[in-house]
Amino acid sequence: MTTSHLQTTGDVKDFALAPKGKARIAWAERDMPVLRSIRARFAQEKPLAGVRIAGCLHITTETANLAITLKAAGADLVLCASNPLSTQDDVAASLVADEGIPTFAIKGEDKDTYYQHIYAALERRPQVTIDDGCDLVNTIHTNRTDLLAEIVGGLEETTTGVMRLQNMVKAGALRYPVLAVNDSDTKHLFDNRYGTGQSTLDAIIRSTNLLIAGRNFVVVGYGWCGRGVASRARGLGANVIVTEIDPVRAIEAVMDGYRVMPLIDAAPIGDIFVTVTGNEHVVDRQHLERMKDGALVANSGHFNNEINIEALEALTTGHTTAREFVEGYHFADGRTVYLLAEGRLVNLSAAEGHPASVMDMSFANQALGAEYMWQHRGQFTPQVLVLPADLDREIARLKLATMGIQIDTLTTEQQTYLSSWQEGT
Ligand SMILES: NC(=O)c1ccc[n+]([C@@H]2O[C@H](COP(=O)([O-])OP(=O)(O)OC[C@H]3O[C@@H](n4cnc5c(N)ncnc54)[C@H](O)[C@@H]3O)[C@@H](O)[C@H]2O)c1
């Protein structure tokens, strides 16, 4: 890459894809009314005028709408991919060609290019960072500490990123405050559950065209994403099995009506396995070697290390591509186990990620979070923060309003009752 030119354009696959990307961004925009209303206010008030923001995000139609919103607020924005396989190349092209937002992202880029793109985005010397998985924060804290002096704060989109940030706090390593957007109620309760639920099933169906009904569908991890994946798989008629390490989540899965068992017992009976834990090697060698012929393994957690791919390679004699995003690994005894989308988050790699309607709330949190971080610059020590509850509630209120749904309000009498302690039996 020659850096001076790329600093204004970014690095995308093919600018000829821009018209398709523009149309798809507009399609997503229709279903993002909360973000649209924030954008209208931002365009008037310019709360981020001249603020340099670097976003390391999945380059999707919904992210494009967030980017356009931040630009409307006056931000000087640069984007790079937060996963090598989740970029929508038409969207990346349109962001540069139509919106003038430098974007460094190519679907299928190798790990070196992925990090080159992160470093290229950091050349803009951001004052605010937006991450999905903590790779920007991590890169800044390890190899670009010279940038720290100018950074006022960051935002983090996903559970795995928040976990990494909390580990940085524990180790005394975090050098600037980061808002855990993931932890807003209007983010994880909806995006992680309904977004991951629907789009993970969408990706499995798009890439395989298999019937889900009647199959043993193993969900590894019953957190926010796991609950969504399990419920959508059940909705399609699968026999859902949940595996967990947390006894409370395991009881919840039992009471939600699922079979719960250790993964080692589920391994030989499962037809489809989906990991959503944010943990490493949850599908490990001992599970892979017990799987039946034709089993499908997919990951919808943040990193592809949820599946021990090295063990799968070591256990098998070779692999062949069955369909796009479906790689068959052949065992010497004749079995084939299929890995979807190289173990990368399947919903973004083999489908389009979360539907716009749910990202409307997640990215409303990001937009208001960026404004909040900038307005409160210098006021927080390095820590992991959450968006104030009143902003979280406001996003829910706006979303309900756009859905045409009204709700009740507390009477004065009820407000007094709920804040008193004297009244009893
Ligand atoms: N694919 C997407 O679009 C998308 C969207 C949101 C979040 N995520 C990612 O999905 C992952 C899960 O997020 P979440 O919000 O559901 O997290 P969560 O913390 O709510 O749930 C994770 C669950 O996994 C369980 N778990 C951990 N190790 C396990 C193991 N070895 N076996 C079985 N269960 C295990 C935990 O006990 C927990 O219940 C994270 O990596 C997150 O970043 C992906």
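The values are calculated or read from the model by the stated rules, or taken from the named source; none is laboratory data. Here the structure is a predicted model, which means the values were calculated and not measured. Ideal geometry is used to build each Cβ from the backbone, glycine not excepted, and the neighbour counts take in all protein chains shown. What goes into the accessible areas is simple: the full protein's heavy atoms, side chains included, and nothing from ligands, DNA or RNA. Shrake-Rupley method; radii C 1.70, N 1.55, O 1.52, S 1.80 Å.
Per residue, the convex hull spanned by the alpha carbons of segment 239-354 comes to 103 Å³. Each stretch of four or more DSSP H residues adds -39500 (n - 2.57); spread over every residue of the chain, this sum gives -12500 deg cm²/dmol at 222 nm. Taking all Cα-Cα distances within the chain, those exceeding 39 Å account for 21%. Put a dot 7 Å past the Cα of Y119, heading toward its Cβ, do the same for R397, and the two dots end up 4.8 nm apart.
Scoring 354-365, 48-59, 142-153 by mean Cβ neighbours within 10 Å over their residues and listing the highest first yields 354-365, 48-59, 142-153. Carbon-plus-sulfur accessible fraction, segment 333-425 (probe radius 1.4 Å, protein heavy atoms only): 52%. Checking the cross-link pairs K111/K399; K22/K46; K46/K170; K46/K399; K20/K111; K22/K170 against a 31 Å limit on the alpha carbon distance flags K111/K399; K46/K170; K22/K170 as lying beyond it. In this structure, D333 and I264 have a Cβ-Cβ separation that, at R0 = 22 Å, corresponds to a calculated FRET efficiency of about 0.70. Shown here: segment 72-159, whose C-alpha atoms stretch 35, 31, 25 Å along the first, second and third principal axes, sorted largest to smallest.
Backbone N atoms of segment 61-83 closer than 16 Å to the 7 Å Cα→Cβ label point of Q44 belong to residues 72-74.
Pairwise Cα distances in segment 130-257 exceed 24 Å in 43 percent of cases.
Kirkwood hydrodynamic radius of segment 208-303 from all distinct Cα pairs, in Å?
Details: mean 1/r = 0.0765 Å⁻¹.
Evaluated over segment 208-303, this radius sits at 13.1 Å.
DSSP finds beta bridges in the chain, and of those with both partners inside it, around 20 percent are antiparallel.
In segment 295-425, inverting the average of 1/r over every pair of distinct C-alpha atoms gives 20.0 Å as the Kirkwood radius. Counting pairwise Cα distances across segment 199-247, what percent come out greater than 12 angstrom? Distances greater than 12 Å cover 60 percent of the Cα pairs.
Place a label point 7 angstrom from the Cα of I407 along the Cα-to-Cβ direction, then list the residues of segment 184-217 whose backbone nitrogen is under 19 Å away. Hits in segment 184-217 for I407 at 19 Å: 184-195. For the pair F303 and E324 in one chain, pulling the backbone fully straight at 0.36 nm per residue adds 5.6 nm over the alpha carbon distance.
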